[in-house]
Amino acid sequence: MARPEQIKDEFLTLIDRHLDDLVHLRVTEMMEIKDFAETLHIHPTHLSNTIKELCGTSPCGLYQPKILRVAQELLADTNFSIHETALRLSFEPSQFTKWFKQLTGITPKAYRTQILK
């Protein structure tokens, strides 16, 4: 496997592992792209350029949808309040609502109401 492909695969694996750690409270802070690059022992610019070249999007373009998927899974679980969901994903609750609405067009509360019907 070529090194750029290896970097992409390792990056995607790290994202999934990190989000699982967040959900299960093994970590409490959301990693940033620079943190992933550091874990991969490469410069953040190299990570960005590699992902952009292979995927046609930035590392955030791969990370954000995965965060959103996890947020939607947590919102589907009524054992967690929206506030708890935000905190698990290391968002301030109001910031989480703005972020979620920006990506989906609806608030977390409206999303939860829709899926629970």
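Residues Ile15, Ile106, arranged from fewest to most other Cβ atoms within 10 angstrom of their Cβ, appear as Ile106, Ile15.
Counting neighbouring Cβ atoms within 10 Å and putting the fewest first, the residues Thr57, Thr97 line up as Thr57, Thr97. Relative to the longest principal axis of the Cα atoms of the chain, the long axis of helix 44-55 lies at roughly 80 degrees. Computed from point charges on the beta carbon alone (+1 for Lys and Arg, -1 for Asp and Glu), the dipole magnitude for the chain about its Cα centre is near 520 Debye. Over the residues of the chain, the helix contribution to mean residue ellipticity at 222 nm works out to -22500 deg cm²/dmol, using -39500 (n - 2.57) for each DSSP H run of at least 4.
As a length-normalised measure over Cα pairs under 8 Å and 6 or more apart, the relative contact order of the chain settles at 23 percent.
Provide the gained length on full extension for the span Ala76 to His41, in nm with one decimal, where the gain is 0.36 nm per separating residue minus the Cα-Cα distance.
Numbers: separation 35, 0.36 × 35 = 12.60 nm, distance 3.60 nm.
Computed gain between Ala76 and His41 is 9.0 nm.
None of the figures in this text is laboratory data; all of them are computed from the coordinates on show. All of these numbers come straight from a predicted model, not from anything done at the bench. Note that each Cβ is placed from the backbone with ideal geometry, even for glycine, and that neighbours are counted across all protein chains shown.
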